1. Any idea how many residues of the stretch 282-307 are among the basic types (Lys, Arg) and surrounded by 18 or more Cβ atoms within 10 Å (Cβ to Cβ)?
2. How many residues, within the stretch 386-402, are surrounded by fewer than 17 Cβ atoms within 10 Å (Cβ to Cβ) and aromatic (Phe, Trp, Tyr)?
3. Which of the residues that make up the stretch 89-101 are over 20 Å from the mean Cα position of the chain (by Cα) and in contact (Cβ under 8 Å) with a residue 24 or more places away in the chain?
4. Can you confirm whether the stretch 135-147 contains a residue that is buried (at least 19 other Cβ atoms within 10 Å of the Cβ) and part of a loop (DSSP other than H, G, I, E, B)?
5. I'm trying to understand the selection: among the residues of the stretch 178-199, which are surrounded by fewer than 12 Cβ atoms within 10 Å (Cβ to Cβ) and not in a loop (DSSP other than H, G, I, E, B)?
6. Residues that are more than 40 Å from the chain's Cα centre (by Cα) and without any contact (Cβ under 8 Å) to a residue 12 or more places away in the chain, at least 2 per element: which strands (runs of 3 or more DSSP E) completely within the stretch 333-420 meet that?
7. State which residue is surrounded by the most Cβ atoms within 10 Å (Cβ to Cβ) when the search covers only the stretch 233-254 and only residues that are part of a helix (DSSP H, G or I) and in contact with a Ser or Thr (Cβ under 8 Å, 6 or more places away or on another chain).
8. Looking only at the stretch 330-357, which residues are surrounded by 15 or more Cβ atoms within 10 Å (Cβ to Cβ) and more than 17 Å from residue 406 (Cα to Cα)?
Amino acid sequence: MLTQKPKGTKDVTPDESYIWQYIEGKARDIAHLYGFREIRTPVFEHTELFLRGVGDTSDIVQKEMYTFNDKGNRSITLKPEGTAGAARSFIEEGMSSKPQPVKMFYITPVFRYENTNKGRLREHHQFGVEVFGAKTAVMDAEVISLAINFFKSLGIKGLSVNLNSIGCEKCRPHYQEVLKSYLKENYDGLCETCKTRFEKNPMRILDCKEDKCKRIIEGAPVPIDHLCDECKAHNELLQSLLANAGIPFAIDPMIVRGLDYYTKTVFEIIADIDGKITVCGGGRYDNLIKELDGPETCGVGFGLGLERLIMLLTQEKLLPEADSRCDVFIASAGEGTQVASFALAQSLREDGINCELEYNARSFKAQFKQAGKLGAKYVVVIGSNELEAGEYNVKDMANSSEEKVKAETVCDYIKSKLNV
């Protein structure tokens, strides 16, 4: 067990890390383009934050959280999603006094105790955005646009939005009663989890993954048919904004999302790959800050899983090739050559040139083999003869040509070859 990672976790090895850096770079670029700034919240929070923020009727809280008591007997939970922590920080750090809206993004690990047989990880990573203090549907459209353009920047095509509105505190109570009236006739057929949701939050039953519950809710009334005038107007404006921006969308009345804090807009972004797959989800949460004892502040955002995104990009052959690990390899052998080799490496690196040198006193043949494995563009040979003559042998690995270069000018020579 000592040399095995915990179930549901994954190493990102040096051979793979460039993929993460590439995707995270795209995420940061698109966030910056839309005026979002990064927030970093703790990996663990007080459990009550998720009970109140995410909701005690959600699958995450009921089945998936990593919760434990610390040495002070305080209940602590590894964060299962990013929004609640961002909301807590908004309140605690007094961001309501900042110019509104406050637009934030994060790239963060999240933890959920899930069934790994489904290809899911118990520690995975999310890219998400959160906006606090913007009440109109224009911001809903903006976060959807940001997500769409992020996927486009990675080369993903066939993108569209599945859209729904689940109402607000004004119209949802009436809908809940209509839904309960429908479900009451099929109560005995619900799974045990949904039976507990029946009184507290019957709308959560629409999101159940159990087959028997799916069959029951096939003919259930949907929230978008029971909206108040304000929610209708919000939804109609959002549709108009998306249509005029050329963002394809369709109404899916069964989307409710898996978290209790959503109000009004909920959405999923779909990629037309191997059928249609969901690559992102989000929505509006106008009561979350108030629910966490903060000032009344509306919010909207999305989150997406990076591991699933990498699987998709790999499948579609949309990932770039790994960059060469070095521009220059310095091969050395003989007395005093290691000192000269290290000094040359120092000079090259100060000039911004990536280089490697020999650390194990191997033969020149072995060193050239190593240079090839590293993808070096040039090899500088410093042997005893080269050191004595004050001229180093520089080999171009692309065409195998060689040239003798004076030691004092070799840095400039390589810079000219690399166009640095």
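Just so it is clear, none of the values below were taken in a lab; they were calculated from the coordinates. Every value quoted in this text rests on a predicted model; they were computed, and no experiment measured them. With ideal geometry, Cβ positions are generated from the backbone for all residues, glycine too; neighbour counts draw on all protein chains shown.
1. 1
2. So the count comes out to 0.
3. Selection gives 90, 91, 95, 96, 100, 101.
4. no
5. 181, 184, 188, 192, 199
6. 402-406
7. Going through the qualifying residues, I end up with 238.
8. Those that are surrounded by 15 or more Cβ atoms within 10 Å (Cβ to Cβ) and more than 17 Å from residue 406 (Cα to Cα): 333, 334, 338, 353, 354, 355, 356, 357.
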